[in-house]
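The values are calculated or read from the model by the stated rules, or taken from the named source; none is laboratory data. This structure is a prediction, so every number in the text was calculated from the model and none was measured. All Cβ positions, even for glycine, are placed from backbone atoms using ideal geometry, and neighbour counts span all protein chains on display.
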């Protein structure tokens, strides 16, 4: 159990860092921003889920990740809007995170009896 | 106006050490959180955390700089396109995970993400005229 947690932490942290470095290495900003939505956490999590729970669970997790991607779109759209206001950075970040959570919870409530898991 | 993406070592050098550390900790934390949520609440709610916004500090730190809000908005516009491409990644994994070996699934899904992201960026943001700060 602890080994699994450590493996997840190291693998996820490493992949997010690698994509973060790639993002920082590119110009213009709109292009480097693509990499902020790179599948870093997804690759790490799906690889471990596949080895512990098998292919069917991995496919189901990815199916729900589609809903998560929609929430991420909401998060980004909110970030674009807030960056053009005078809202402090910490408040903009917190609001955008809450938007992600709100969209994700809403989709989960709406789709949990519809989507196969 | 068409823009070509370029490597910028200046951008890379401007990233502080704490930002790298923050990314590692947030990335690791979110991956652990996703695993725990899948275990505790099931694959549905946990699966959504695979698309949690983990690479955040860039926008946060950008906004504090002079002219930073414009750059942060550009960053977030790219992020918005990346999110659409991430749906393509997820669709590819869910379609192929039960048929192909995992390395092939993840490799093809990652290439799908990159192809969608680059195509959408080329047709939209790369053609935006330069804006005043």
Item to complete: Quick one: count up the residues across the range B:1-24 that are surrounded by fewer than 14 Cβ atoms within 10 Å (Cβ to Cβ) and out of contact with any strand residue (DSSP E or B) (no Cβ under 8 Å at 6 or more places or on another chain).
Response: 11
Item to complete: State all residues of the range A:50-74 that are more than 7 Å from chain B (Cβ to nearest Cβ) and either more than 17 Å from the chain's Cα centre (by Cα) or modelled with pLDDT under 95 (or both); if no residue qualifies, say none.
Response: A:51, A:52, A:53, A:54
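I'd like the residue in the range B:86-108 that is at the interface with chain A (Cβ under 7 Å from one of its Cβ atoms) and within 14 Å of the chain's Cα centre (by Cα) and, out of all such residues, is surrounded by the fewest Cβ atoms within 10 Å (Cβ to Cβ). Walk me through it before giving the result.
Taking the range B:86-108 and keeping what is at the interface with chain A (Cβ under 7 Å from one of its Cβ atoms), we get B:86-87, B:89-91, B:93-94, B:97-98, B:102, B:106.
Remaining after also requiring within 14 Å of the chain's Cα centre (by Cα): B:86-87, B:89-90.
Details: B:86: 28, B:87: 20, B:89: 32, B:90: 28.
Taking the candidates together, the pick is B:87.
From the list A:105, A:41, A:87, A:115, which one is surrounded by fewer than 17 Cβ atoms within 10 Å (Cβ to Cβ), without any contact (Cβ under 8 Å) to a residue 60 or more places away in the chain and closer than 30 Å to residue B:100 by Cβ?
A:115 is the lone residue from the list that is surrounded by fewer than 17 Cβ atoms within 10 Å (Cβ to Cβ), without any contact (Cβ under 8 Å) to a residue 60 or more places away in the chain and closer than 30 Å to residue B:100 by Cβ.
Regarding the range B:52-60, can at least one residue be identified that is at the interface with another protein chain (Cβ under 7 Å from one of its Cβ atoms) and modelled with pLDDT of 90 or more? First the steps, then the outcome.
Quick first cut of the range B:52-60, residues at the interface with another protein chain (Cβ under 7 Å from one of its Cβ atoms) only: B:52-56, B:58-60.
Retained after the next criterion (residues that are modelled with pLDDT of 90 or more): B:52.
So far as the range B:52-60 goes, yes, one or more of its residues are at the interface with another protein chain (Cβ under 7 Å from one of its Cβ atoms) and modelled with pLDDT of 90 or more.
Please work out if residue A:72 is touching a helix residue (DSSP H, G or I) at 6+ places or on another chain (Cβ under 6 Å), without any contact (Cβ under 8 Å) to a residue 60 or more places away in the chain and under 20 Å from residue B:54 (Cβ atoms). Step through it out loud before you land on a result.
Values: touching a helix residue (DSSP H, G or I) at 6+ places or on another chain (Cβ under 6 Å): yes; without any contact (Cβ under 8 Å) to a residue 60 or more places away in the chain: yes; under 20 Å from residue B:54 (Cβ atoms): yes.
When the stated conditions are applied, residue A:72 passes them.
Please verify whether the range A:37-45 includes one or more residues that are more than 7 Å from chain B (Cβ to nearest Cβ), in a helix (DSSP H, G or I) and either at pLDDT 95 or above or at negative phi (or both). Steps first, please.
First, the residues of the range A:37-45 that are more than 7 Å from chain B (Cβ to nearest Cβ): none.
No, that holds for no residue.
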Worksheet item: So which residues in the range B:99-133 are modelled with pLDDT under 95 and assigned to a loop (DSSP other than H, G, I, E, B)?
Response: B:124, B:128, B:129, B:130, B:131, B:132, B:133
Practice prompt. For the range A:45-53, state whether one or more residues are surrounded by 24 or more Cβ atoms within 10 Å (Cβ to Cβ) and over 22 Å from residue A:97 (Cα atoms).
Written response: yes
Worksheet, complete the sentence: Restricted to the range A:1-18 and to residues being surrounded by fewer than 24 Cβ atoms within 10 Å (Cβ to Cβ) and touching a helix residue (DSSP H, G or I) at 6+ places or on another chain (Cβ under 6 Å), the residue farthest from residue B:14 (Cα to Cα) is A:5
Item to complete: Keeping to the range B:1-19, report how many residues are within 7 Å of chain A (Cβ to nearest Cβ), assigned to a helix (DSSP H, G or I) and either over 30 Å from residue B:128 (Cα atoms) or in contact (Cβ under 8 Å) with a residue 12 or more places away in the chain (or both).
Response: 0
Discussion item. If I filter the range A:37-54 for residues that are touching a strand residue (DSSP E or B) at 6+ places or on another chain (Cβ under 6 Å) and under 19 Å from residue B:118 (Cα atoms), do I get at least one hit?
Written reply: no
